[in-house]
Amino acid sequence: MFVVGLFLMTRKKAVTALLLPMTIIVATTAMLLLLGHGEARFHQSLMPFFMMIAAVTIMKIYKRLNKSISKR
């Protein structure tokens with residue numbers, strides 16, 4: 001869902017909304033690779049950002065389903 005959310009947001013030209021979450025994800029991942037040796041406890045700080053972008057996909061699916069139900 002995260003990847004689909006990224007695709008939907010770039011397609012809508014909402015790149016400014018993606019700037020902060022993607023910067024944090026990339027910077028934290030680089031820091032984990034270089035300093036943290038991939039320890040699992042440090043990955044927890046990234047989860048809210050993945051969930052925020054995945055929520056875009058969930059809302060798109062919800063709106064599409066709601067629109068198709070209301071047409072009936």
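The values are calculated or read from the model by the stated rules, or taken from the named source; none is laboratory data. Only a predicted model underlies this, so the values are computations on that prediction, with no experimental measurement involved. No Cβ is skipped: glycine too gets one built from the backbone with ideal geometry, and neighbour counts run over all protein chains shown. For the accessible areas, the whole protein counts, side chains as well, though only heavy atoms, and no ligand, DNA or RNA atoms are used. Shrake-Rupley method; radii C 1.70, N 1.55, O 1.52, S 1.80 Å.
The table below gives the values:
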{"read-out": "Residue check, LEU34 without any contact (Cβ under 8 Å) to a residue 60 or more places away in the chain and exposed (fewer than 11 other Cβ atoms within 10 Å of the Cβ)", "value": "yes"}
{"read-out": "Region 1-26, residues that are assigned to a helix (DSSP H, G or I), open to solvent by 90 Å² or more (accessible area, probe 1.4 Å) and over 20 Å from GLN44 (Cβ atoms)", "value": "VAL3, PHE7, ARG11, THR16, LEU19"}
